[in-house]
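Below you'll find the structure, written out as structure tokens, and then a few comments.
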Amino acid sequence: MYRIGVIATKQSLKWIKKIEPFVNDQCELFYMSYAHPSEIKPLYLKNHLFFDGMIFSGQLPYVLIEKECGTFPVPTVYFDVGQKDFYKTICKVMVQESQFDFSRTLIDFIFKENHYLGLNDFLNEQQFPYHFGESLEDYKSDTIYEEMFERHQTLWDSGKIDLSFTRTSGLTEKLADYGINHIVMFPSAESMLEKFHQLIKEINMIRLSDSQIVMGNISIRKTEESPNNNHLELQRIKMNKALLEYIENGEYSFIIQKNLNHFDIITSYGDLKGVTNNFTSCSLYEFLKQELPFSFNIGWGIGNTIDVARTNALLASQLSEAREEQASFIITEDEQIIGPLGESNCLTVSHNLDPEIEKLSQQTGVASLKIKKILATMQKSNTNEFSADDLAAYLGVSTRSTNRILNKLEEAGKAEVIYKKQQKLRGRPKKIYRIMLYIGMTD
């Protein structure tokens, strides 16, 4: 049984409750009402984590939260008036009002993003109704109620409209009190059920992905000095103790398996998203860095089977081992590489075989993964000009190794040197390379 939170105005709640008999076998609906748009954000942020999904009564509260949060932390949809609902209402009005004229109406929920609900397909500029704004961006304001009412009021007072159509039920009382002839449009039960089923589908997809198998591979980093067996065993004991403490203090379900050279962690996709804050950092890495007096590698692997997940985790751990400093990486089921987690130079690259990348690798003598990282760095930094020091930070190798890579690219005609004057009076100018790797383009 799903828990669905519904955020709506009081006027909309009675309309939404009409679908309850059709969804009670799948979920529980919990209603939260607001009187003004300024109440929407705190209402959503305070309650969304208690539900499997959220529904807004209309697009207005949805875009306001989207503006504030960027992305929705739980599946979230909104009920909307589609063309079918809209024209059904228009037809009723035209039957009842023989003198109905689109050009003397205000419709406050048409804009370019919804293609003006198709009105521009058959109405010319002189016939077209008044509207509030050209774009959804015009609606992203905490004072939207006041601004919309002013638009209705101004056109009504000037005698330019005979009828207003609104989707904003919160304006109903103000429009009625002012004497503006208006119709509040609500989505049909059929439209609301379509949105409801869309939400359930999104929740199911997330639950399915959250149940994917994830393996972690945690190993002690190799050092130039070869530790004796007693020293190595002491390090393993400390790491095992630290891992158990992390599990005890945390909220994630980990199964730890101790191996000869590393520890395996078995967990779920959902827990990995929590540990890594949606693949941006790694709380386990930060915890172990504080607890352990030696360096280590963390690799996470995602897969549809435990073997695939284990292989990806090993490859991710090897990426950490190849760096100058310890780090944490993820390799997903579609072979995307994400990392190093928690650092500003975190990149996402594909581990899949790419013919163009392989061709570049053969031409330049630079490993294909390094080329992919350089391309990802160029995209993330929005530039193709780097010093060896700058690029080394993204590639996770020494400046000396990066200079060798840049020299190979230069020899192959894929990079050129630019000399820029240093700020200091002494010393040679800093060498800057312009990298010319163009994938998917012909010369």
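The values are calculated or read from the model by the stated rules, or taken from the named source; none is laboratory data. These numbers come from a predicted model, not from an experiment. All Cβ positions, glycine included, derive from the backbone under ideal geometry; neighbour counts span all protein chains shown. Accessible surface areas use protein heavy atoms only, side chains included; no ligands, DNA or RNA. Shrake-Rupley method; radii C 1.70, N 1.55, O 1.52, S 1.80 Å.
Things to note:
- ³J(HN,Hα), Karplus 6.51/-1.76/1.60, whole Hz, each residue of segment 149-156, x for Gly, Pro: 4, 4, 5, 4, 4, 4, 5, 5
- Over the chain, relative contact order from alpha-carbon pairs under 8 Å, at least 6 apart, %: 9 percent
- In the chain, helical runs assigned H by DSSP with n ≥ 4 each contribute -39500 (n - 2.57); averaged across all residues and rounded to the nearest 500, the mean residue ellipticity at 222 nm is -13000 deg cm²/dmol.
- Applying a threshold of 28 Å to the alpha-carbon distances of Lys88/Lys160; Lys241/Lys273; Lys241/Lys380; Lys373/Lys431; Lys67/Lys289; Lys67/Lys88 flags Lys241/Lys380; Lys67/Lys289; Lys67/Lys88 as lying beyond it.
- Each residue of segment 180-193 was assigned a 3J(HN,Hα) from its phi angle through the Karplus expression (A = 6.51, B = -1.76, C = 1.60, θ = phi - 60°), giving 7, 5, 8, 10, 8, 9, 10, x, 6, 4, 4, 5, 5, 5 Hz with x at Gly and Pro.
- Close amide H pairs (under 5 Å, H built 1.01 Å from N) link Glu28 with Tyr2, Arg3, Ile4, residues at least 5 positions away or on another chain.
- Most fluctuating residue given options Glu411, Glu28, Glu125, as computed from a GNM of the chain linking Cα atoms under 10 Å: Glu125
- Those aspartates and glutamates that a straight Cα-Cα span of less than 16 Å connects to Lys174, excepting residues fewer than 8 apart in one chain: Asp108, Glu146, Glu147, Glu150, Asp157
- Carbon and sulfur %, accessible surface of segment 263-391 computed with the full protein complex present, 1.4 Å: 46 percent
- Check: segment 270-347 dipole with +1 on Lys, Arg Cβ and -1 on Asp, Glu Cβ, in debye: 100 debye
- Eligible aspartates and glutamates near Lys258 by straight Cα distance, threshold 18 Å, same-chain separation 8 or greater: Glu233, Glu245, Glu248, Asp307
- Estimated vicinal HN-Hα couplings, Hz - segment 289-306 in sequence order (Karplus 6.51, -1.76, 1.60; Gly, Pro = x): 4, 7, 8, 9, x, 9, 8, 8, 10, 10, x, 10, x, 10, x, 7, 10, 5
- Selection among Ile357, Leu60, Phe50 by position relative to the dipole of the chain gives Ile357 as farthest towards the positive end (Cβ unit charges, Cα centre).
- In degrees, nearest ten, helix 59-69 long axis to first principal axis of the chain (Cα): 30 degrees
- Above-threshold pairs, the threshold being 27 Å between Cα atoms, out of Lys41/Lys84; Lys41/Lys112; Lys10/Lys84: Lys41/Lys84
- About the centre of its Cα atoms, the chain shows a dipole size close to 1500 debye [charges on the beta carbon of Lys, Arg (+1) and Asp, Glu (-1) only; nearest 20 debye].
- Counting only heavy atoms of the protein chains and using a 1.4 Å probe, Thr143 has close to 70 Å² of accessible surface.
- Computed packing ranks the peptides 158-168, 235-245 as 158-168, 235-245, most packed first, by mean other Cβ atoms within 10 Å.
- Heavy-atom accessible surface of the chain, averaged per residue, reaches 54 Å², computed with a 1.4 Å probe.
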